[in-house]
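Every number here is computed from the coordinates shown, using simple stated rules; none is lab data. The shown structure was predicted, so the numbers you read here are calculated from the model rather than taken from an experiment. Using ideal geometry, Cβ is built from the backbone for each residue, glycine included, and neighbour counts are taken over all protein chains shown.
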Amino acid sequence: MQSTARACTAPAPTKTVGETGRGRGLAAGLSLRPPDAELATRIRLTDGRVFRGELPAARHRRLHLALLHADSDGWVEVAAGRRPPGGKLRITTRKDPGQYLPGGATGSDGWLEALLALVARHDLAGEEVFVAPAVRSQRAAHKPHVTGTNWLWIDIDGADGLPALRTFLRRKPAQLVIQSAGSGGVHVYWRLRRPLLAGDDTPVPREADAGGRRLAQQTGREAIERAHERLIYALGYTWKDGMPRPTVADLQCKDRSRVMRLAGTRNGKTGDYARIVWADLVLEPWALGDLVGDLADPPLPRATYRRPVVTVAHDDPYKRIAPVEYFRRLAGIEVSAGGLVRCPSPSHTDSTPSCHVGRDASEGWCCHGCGIGGAIYDLASALDGGPTGAWLRGDQFRRACQRVRAAIGAI
């Protein structure tokens, strides 16, 4: 990556600027913004030397973009938005085709300068600026437009998560760490030896392969999200309402179409600059199997659903049938020992099992993905795409009853 090497040529350390903009809002920061703030960084250069010092904000932007997208054979999204006083950031550019420029592997001359010029335009307008790590096949923002990624990434929300991150990085060192200039957290990037592609439905298997060949060949439509989930949950989680909740990394950041704050630009919430804390130009890219193959998928939800008490037909013999039995008889679904199956509703594309089936009739069943659930008649209705719970009544309830009797017979 020649452009990356040029971006990383380190000058002698320059003067310390101190706490530029700290504690000020964006509006105040703009009026006092230095021509090009000096931001502390550490970079392990290609010759093995470690540069410790300060570089202009523009150099942080250049290095961040060069590392992420010198090998990107597609469109690179730059996103921008504003934050009203005391309000939340609103990104307004994601539908604009002009925000998608060619990556370094497309053969486009001056690709990096074009991206930097677009960033500078938004920055000078007082907007917050972000970059998408994954590559787009079209000038569009959504998941179907993501071709693949050369990187995996996570977002550590605050300083409380940094000790757990340091421990994890001793096992899985990263090529790039960005301080997001918000609540003390960082963004962490791992470079992959081969692109992790989107396209088919094959999940990433949980097994390490030193060469990464098998994993690279079996990557799937949800592979990027699943790889991110393994990193996120490996850092720590807790249980809440029967669901595993990450405690260190932001789960929303698993999205392959995510945009991340660009180093060398302002965080409007604090007025501070995001900056490159650490960049390693020597560390070899990761084989996917070596990075996430030994990490577990997220733990399965615990059963918390209890069928509401009904006021009629307590002596209905069909309601005494165990859920595992009526799932087999009605839907042809064999329930595993863990009690999880794919959602029976035809309107819910459930790529991984998210529906819990109880062992006892009093437990019923519930899909944690789409929220439907209930008892035997609810399943009969859901199989036809009908309602469940309190919305199952009238003709739809009668049809569900007929389906149950036809499948199970008289009791």
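Values for this structure:
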| quantity | calculated |
| --- | --- |
| Summed side-chain charge close to Arg191 - residues other than Arg191 whose Cβ falls under 15 Å, Lys, Arg +1, Asp, Glu -1 | 0 |
| Per-residue Cβ neighbour rank within 10 angstrom, fewest leading, Leu176, Leu251 | Leu251, Leu176 |
| Local electrostatic count, Asp155, Cβ distance below 10 Å [Lys/Arg +1, Asp/Glu -1] | +1 |
| Net dipole in debye of segment 333-405 [+1 Lys, Arg Cβ; -1 Asp, Glu Cβ; about Cα centre; nearest 20] | 240 |
| Selection from Cys370, Ile408, Ala331 lying farthest towards where the dipole of segment 317-408 points positive, charges on Cβ | Ile408 |
| Karplus-derived 3J(HN,Hα), 6.51/-1.76/1.60, for each residue of segment 126-137, Hz, glycine and proline x | x, 9, 7, 10, 9, 9, 8, x, 7, 9, 9, 8 |
| Long-range amide H partners of Ile372 with built H, under 5 Å | Cys367 |
| Amide hydrogen neighbours beyond the local backbone of Thr147, cut-off 5 Å, H modeled | Val135, Arg136, Ser137 |
| Low-density loop positions, trypsin sites (Lys or Arg not before Pro), segment 47-87 - DSSP coil, at most 12 other Cβ in 10 Å | Arg49 |
